[in-house]
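Heads up: the structure comes next, in structure tokens.
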Amino acid sequence: MSKAIEMSVRVDRVLVDQIAGRWHLLILYALCDHQGKARFNALKRFVPGISQKTLTQCLRQLERSGLVARRVLTDSPLGVEYSFTPLGDTLETPVMALYNWTRQYSAAVRTAQEAYDADRRRKESRLAKRLLQDR
């Protein structure tokens, strides 16, 4: 692999990690669900389990990448609003598609995981029995 391709893969990986990271996709979906803009506290309520610090860090990363814009609201009540930039708007279709796919197929994925885990336990149990018998 050439150095240019290696560098491209690394840069692409960083961007994919940022968009599809543990919290980033949920934050992007929250913005989609709020017509592309939402206050900080609305985002925090929409993404259960996320801490204020983590939400702040994720939003800063998305802002740094040009996907989200931050605006301080000086009217009452004071606050901060985040919205998609024109570049961020291009993510709405893929984010919504991935979110909808997740909702549609999450039960099937869980069923496949349970079947895999059960099969794995059976195989490990048989192996353990064989090892005990060989002693």
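The values are calculated or read from the model by the stated rules, or taken from the named source; none is laboratory data. Quick caveat, the model's predicted, so the values are computed rather than measured. Here the Cβ positions follow ideal geometry from the backbone for every residue, glycine too, while neighbour counts run over all protein chains shown. Note: accessible area is taken over every heavy atom of the protein model, side chains too, but ligands, DNA and RNA are not part of it. Shrake-Rupley method; radii C 1.70, N 1.55, O 1.52, S 1.80 Å.
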- Where in region 12-117 are the strands (runs of 3 or more DSSP E), entirely inside, with at least 1 residues that are open to solvent by less than 40 Å² (accessible area, probe 1.4 Å) and out of contact with any helix residue (DSSP H, G or I) (no Cβ under 9 Å at 6 or more places or on another chain)? 68-73
- Task: Show the residue pairs that are 6+ apart or on different chains and have beta-carbon atoms under 7 Å apart, the first residue being within region 52-74 and closer than 24 Å to residue 94 by Cβ, the second being surrounded by fewer than 13 Cβ atoms within 10 Å (Cβ to Cβ) and charged (D, E, K, R).
- Result: none
- Message: Of all residues being among the acidic types (Asp, Glu) and open to solvent by 70 Å² or more (accessible area, probe 1.4 Å) in region 118-135, which is modelled with the highest pLDDT? Just the residue, please.
- Response: 124
- Item | Which listed residue is touching a Phe, Trp or Tyr at 6+ places or on another chain (Cβ under 7 Å) and β-branched (Val, Ile, Thr), from 16, 80, 72 | 80
- Query: When you look at residue 110, is it in contact (Cβ under 8 Å) with a residue 12 or more places away in the chain and of a type in the set (Lys, Arg), yes or no?
  - Reply: no
